[in-house]
Amino acid sequence: MRRSKTSEPASNGREVEDFRTRVERTLRDPAEPWPPIDPEAWAVDRRYNEGDLAGALKRFVSERRRSVNWLRGITNPDWSKARKHPQLGPLRAGDIFAAWVAHDALHLRQIAKRMHQMTQRDAGVYTVHYAGRWTS
Ligand code: NI
């Protein structure tokens, strides 16, 4: 539970929307450091594998709502504000926002692929061929 060291009170829920923090900080002050990125530790800390799907979904929906409300509330953001990323070079707030949305799409693709695999697995003696071909 590495995250328990943090003094952030609601860290468990807030970290779900890591992109929001990065967009927020870049718009406010591109020099402000980001929280460290350690997705493997998060997976453990957030108990992704412990089956609390309903709790995880609830947290995600609530955090996503906060994100959308925050995005709707910002006025005249300077999307060109850029932070120096050690590997990627200058990264503008607009780049991070676009990546946030694209990252959702990547996860949706993962979910769709898994659904397709599970349907195939669960179809027993039947096949899914009639659905069309899965192409990546
Ligand atoms: Ni992700």
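All of the numbers you see were taken from the coordinates with simple rules; none came from a lab. The model shown is predicted, which means the values in this text are computed figures rather than measured ones. Cβ atoms come from the backbone with ideal geometry, glycine included; neighbour counts cover every protein chain shown.
Miscellaneous remarks
- Restricting attention to region 96-116, the residues that are within 10 Å of the chain's Cα centre (by Cα) and among the charged types (D, E, K, R) total 1.
- Residue match in region 101-108 (condition: touching a helix residue (DSSP H, G or I) at 6+ places or on another chain (Cβ under 6 Å), touching a residue at least 60 places away in the same chain (Cβ under 8 Å) and within 16 Å of the ligand (Cβ to nearest atom)): no
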